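The values are calculated or read from the model by the stated rules, or taken from the named source; none is laboratory data. Bear in mind that the values here come from a model prediction, so they are computed numbers and not experimental data. Heads up, the Cβs are rebuilt from the backbone with ideal geometry, glycines too, and the neighbour counts pull from every protein chain shown. Just the protein is used for accessible areas: all its heavy atoms, side chains included, with ligands, DNA and RNA removed. Shrake-Rupley method; radii C 1.70, N 1.55, O 1.52, S 1.80 Å.
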Amino acid sequence: MNNNNKTNRIVIVTINDMQNYGNRLQNYALAQILQSFGKVDTALWRSYSRTKIKNTLFPIKRIYDKLLCYYKWLKYGHFKYKSIRYKKFVRFTKRYVPDNVSYFSNATGFHSKDKTPIDAIVFGSDQIWNCEFFPQQDDIKLFLGNFVPPTIRKISYAASFGVACIPKKIRYIYTQFLPTFNKISVREQRGKELVEELSEQNATVVLDPTLMLDTEQWLSITNNFVPDNEKYVITYFLGAPTREQQATIERFATQNGFTIRNLNDITDLKTYVAGPEDFVELIAKSQYVFTDSYHACCFSILFHKQFTVFSRKISSNQQNMNSRLDTLFQTFNLSETVRQNDLATHIDYSKVDLVLNKRRIAAKQWLDNALKG
C-alpha cells in the first residue's frame, strides 16, 4: 500500500458467470463500492488455460463454441432466446464490469494490460470458495489467491463457500491459503464458521454487495424493459416450484388481477430474454415476488417488495444455501417469508430499512479498515 494510505488500483476476483443474474449484479455492485477507494477492474478467470496447450487452443475453442451455438440455434427454436439473453449478459459485462484488462489462470498466473501498480485484490462476492464448482484443486487455490504476492493487499468481501463443510482431502488448501489474507469477510454465518475452523483468521459477516447500493443507483442502469402500467407478479426459481406452490402463485395473481412473469422459464419468452439490468427492473416494477433465489430476495428487500420464498429440497452438503438465506433473514427479521406452500406475512419495511442502514455503515467501515488499515 502506498504511503498516503490511498489505493491506486484494485482488482476484483470473482466468478465470471454469463448466465447468472446474481453473479453479474454483485460484480457490478462491488465495483461501484470500491470506486471510492481507487481505480477498479475485474479479472477474468481463464478456466480453459490450465496448461500451455489449452491456453494455445483457447481461441479455437471459442470458435468451436460459437459454431455450436449457431447449430443449436437452427436445430432448437428456443435456443434463439437463450442466445439473446446471453448476449445481454455479455453487453452488460462489457459496459459495467469489463473483464478484458486482467486475467488469471493456472497456466499463466496473473497478467494485466494495465501496468498501474495494484494495491489490493478483492476476492468476492458470490461462491468463489465453493469447492464443488471447480474440477481441479489448482482452481480452488487460484480463488484463494495463490498468485497474489505479499506486497499486494489481499482481502475478501462477502465471499461464500456455498457448502456446509469442506472435504477432508482438500481442507489443507484452505488451511494453507486463508491465513494469507489480510482481512476476510463473508456473507453468511456458516462461511464465518468455516474460515475460523480452517484457519486462525477471524471473519466478519457483511452485506452482499447488491444491498450496498440504493434503489436510485440500481434504477439508473435500467432500460424500460417493462411498461410502467403493467401489473404483474414476478417469479424467479432456481429449483422448480411444486404443484402446490405453483397453485398458490396462480391463485394470488388471479385474485388480484395480476399477470405472471416467469424470469427463469423459457416458455415465458418475453421475460426469459431479460438481461441483468432487466432483472432489476422486473423486480422493481413488480407487484409481488415469488422466489427461492438469494439475490431475488436482496432486490425484493431493496425495492420494498412483498415476497414469498418457497423452500426447496437440497442435498445435505448444500446447507450453506440455507445459511446465506438464514443469515439474510435473521439480519432483517424476515424468517417468516420462507414458506412451504402459502403466502408470507406482510413485511414492515420501516424496520428493515433501519437495519439496512446500520449494516451498510458497518460494511463500509469494514472495507475502509481492510483497504486502508
- Looking at this structure, is residue 200 in a loop (DSSP other than H, G, I, E, B), at pLDDT below 95, of a type in the set (Asp, Glu) and out of contact with any Gly (no Cβ under 7 Å at 6 or more places or on another chain)? yes
- Determine whether the range 232-254 contains at least one residue that is modelled with pLDDT under 95, of a type outside the set (Lys, Arg), under 23 Å from residue 312 (Cβ atoms) and touching a helix residue (DSSP H, G or I) at 6+ places or on another chain (Cβ under 6 Å). no
- Note on the structure: Of (1) farther than 20 Å from residue 330 by Cα; (2) surrounded by fewer than 18 Cβ atoms within 10 Å (Cβ to Cβ); (3) out of contact with any Pro (no Cβ under 8 Å at 6 or more places or on another chain), residue 189 satisfies every one except (1)
- Message: Being of a type in the set (A, V, I, L, M) and either in contact with a Cys (Cβ under 8 Å, 6 or more places away or on another chain) or surrounded by fewer than 18 Cβ atoms within 10 Å (Cβ to Cβ) (or both) is the filter here; which residues of the range 246-264 pass it?
- Response: 247
- Query: Does residue 160 count as without any contact (Cβ under 8 Å) to a residue 60 or more places away in the chain and under 21 Å from residue 24 (Cβ atoms)?
  - Reply: no
- Task: Confirm whether residue 371 is open to solvent by less than 10 Å² (accessible area, probe 1.4 Å) and farther than 27 Å from residue 255 by Cβ.
- Result: yes
- Item | Residue in the range 192-216 that is surrounded by the most Cβ atoms within 10 Å (Cβ to Cβ), counting only those that are of a type in the set (D, E, K, R) and more than 18 Å from residue 325 (Cβ to Cβ) | 196
